[in-house]
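Notes for the one structure printed next.
The values are calculated or read from the model by the stated rules, or taken from the named source; none is laboratory data. These numbers come from a predicted model, not from an experiment. Note that we place each Cβ from the backbone using ideal geometry, even for glycine, and neighbour counts take in every protein chain shown. Surface areas here come from the heavy atoms of the whole protein model, side chains and all, with no ligands, DNA or RNA. Shrake-Rupley method; radii C 1.70, N 1.55, O 1.52, S 1.80 Å.
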Amino acid sequence: MADYDFDLFTIGAGSGGVRASRIAAGHGAKVAVAEEYRVGGTCVIRGCVPKKMLVYGAHFAEDLEDATRFGWTVEGKSFDWVKLRDVVQGDVDRLEGLYGETLSNHDVTVFNERAEITGDHEITLASGKVVTAKYILVATGARPHRLDFPGAEHAITSNEAFHLDEVPKKIVIAGGGYIANEFAGIFNEFGSKVCLVNRGDQLLRGYDEALRDRLLQISLMKGIEFKFNTTFESIEKQDDGKLLVKLTGEDPQLVDQVMFATGRVPNIDGLGLETVGVETGENGAIQVDAYSKTNVDYIYAVGDVTDRVQLTPVAIREGHAFADTVFGDNPRTVDHSCIPSAVFSHPPIAAVGMTEGEARNKLGNIKVYQSDFRPMKNVLAGRNERSLFKMICDAATDRIVGIHMIAPEAAEMMQAAAIAVKAGLTKADFDATTAIHPTMAEELVLMK
């Protein structure tokens, strides 16, 4: 590899790119990374990490209200958005520094500028510097999808939501997926009047229908408004800064913010993929094989830019597997089946494996167990909010093929449950496990 400046050049220093670069360097490779924005990528800088911090902050709205039923007197409570925003951004800065230290400690060269593939094994940086690499890894992630209609430029996305000067008194959120529902819950708890607009007729496609229905019921009870089968006609900015939103079949409404949360698209613009003939799909996703290799022998891609599974832990696994395969003499792939996931809504949803509908279509004969209950904390708080657990089993083998739950701390419980599903355990294995009482998690081993 002495004929090249680097053994590996990674474009994008997000979770997948940083892991791949660190592991490759650990295997003895000479590695460089180019990042045009901030080291850490979407998850750390403007995605799941700061979003979860806002979710924590939002939970205090209900916790402070419930506290009085538990004997606490809370006087003079108030919420300071700017304080929370700045604390969150301060921690993002801390994490960015740690990611940078990780690369530095592994002797990875970092170029804080844009990079483009300009020839065979050749990368040109924004500064004009040209370098060569034996292998190139594209790990540029994805960006928020923006709708296209008159006045759409006045809307924000999740990127900008973390930097607002104030909480909007009224906000319209476009979308029905996890980002839309998470921010609907966050802004609602912070005191916004939230209206979620979805062009389809359902929320959270891909999640179990019973959980989706339960979240809708609870969200409506919390005061979130939903408009289904509805599209935007226009947004007109007023002299006072407010936005006049016109939706199909609806009266125009004045709001403070409109937020697009309509999915994410792979970041491939300006990478120079066409220069060397890297194949992409209809939505721009880089096409790769099981080893994350593109049709160009020395170019690989991991993470959201491939649009396989848009989850940070998946990108990390793909990056690690790539580095082990190419530089560690340990060829391996990532199993994209049975991946657990969560929606940090209010309350959160967590799931692993097949939904009831998917299991019926694939297996035919199944058994469904569930527990529909009111958590003890909600009972004492006087909060009429019920949780729902579902377990889907193959009737022929008793093997658990899916677990789905909507409940406080659902994601925390699901991580351990996902191990059991991945391992192919049965309902009998769960039944044979003694419950931890009193907990919500005990419902997993008590379902009938």
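Tabulated data for the structure shown
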item	result
All positions within the range 409-426 that are touching a residue at least 12 places away in the same chain (Cβ under 8 Å), surrounded by fewer than 18 Cβ atoms within 10 Å (Cβ to Cβ), on the phi < 0 side of the Ramachandran plot and of a type outside the set (G, A, S)	Q415, K422, L425, T426
Options S341, S337: the member that is within 27 Å of F60 (Cα to Cα), of a type outside the set (A, V, I, L, M) and not assigned by the TED database to the domain that holds M221	S341
Any helices (runs of 4 or more DSSP H) falling wholly within the range 280-381 and containing at least 1 residues that are farther than 24 Å from I123 by Cα, among the hydroxyl-bearing types (S, T, Y) and open to solvent by 10 Å² or more (accessible area, probe 1.4 Å)	312-327
Filter result (on the phi < 0 side of the Ramachandran plot and modelled with pLDDT under 95) within the range 282-311	E282, N283, R308, V309, Q310, L311
Near pairs, Cβ below 6 angstrom, 6+ apart or cross-chain, from the range 59-87 (without any contact (Cβ under 8 Å) to a residue 40 or more places away in the chain and not assigned by the TED database to the domain that holds E182) to any residue that is open to solvent by less than 100 Å² (accessible area, probe 1.4 Å) and of a type in the set (G, A, S)	V74/A67; L84/G57
Some residue of the range 383-395 being under 29 Å from the mean Cα position of the chain (by Cα), surrounded by 15 or more Cβ atoms within 10 Å (Cβ to Cβ) and part of a helix (DSSP H, G or I)	no
Any hit, the range 206-213, residues being under 30 Å from H320 (Cβ atoms) and not assigned by the TED database to the domain that holds Y369	yes
Qualifying residue in the range 175-187 (condition: of a type in the set (V, I, T) and either under 30 Å from A359 (Cβ atoms) or part of a helix (DSSP H, G or I) (or both))	yes
Long-range neighbours under 7 Å by Cβ, at least six apart or interchain, first residue in contact (Cβ under 8 Å) with a residue 60 or more places away in the chain within the range 364-389, second open to solvent by 50 Å² or more (accessible area, probe 1.4 Å) and part of a loop (DSSP other than H, G, I, E, B)	Y369/K448; S371/L446; F373/R386; M376/P438; R386/R374
Which listed residue is under 16 Å from the mean Cα position of the chain (by Cα), at pLDDT 95 or above, under 16 Å from L247 (Cβ atoms) and open to solvent by less than 30 Å² (accessible area, probe 1.4 Å), from G141, G185, G176, G151	G176
The range 112-124, residues that are surrounded by fewer than 18 Cβ atoms within 10 Å (Cβ to Cβ) and not in a loop (DSSP other than H, G, I, E, B)	E116, T118, G119, T124
Hits in the range 191-237 (condition: in a helix (DSSP H, G or I) and either open to solvent by less than 60 Å² (accessible area, probe 1.4 Å) or without any contact (Cβ under 8 Å) to a residue 24 or more places away in the chain (or both))	A210, L211, R212, D213, R214, L215, L216, Q217, I218, S219, L220
Test result for K448, among the charged types (D, E, K, R) and at pLDDT below 95	yes
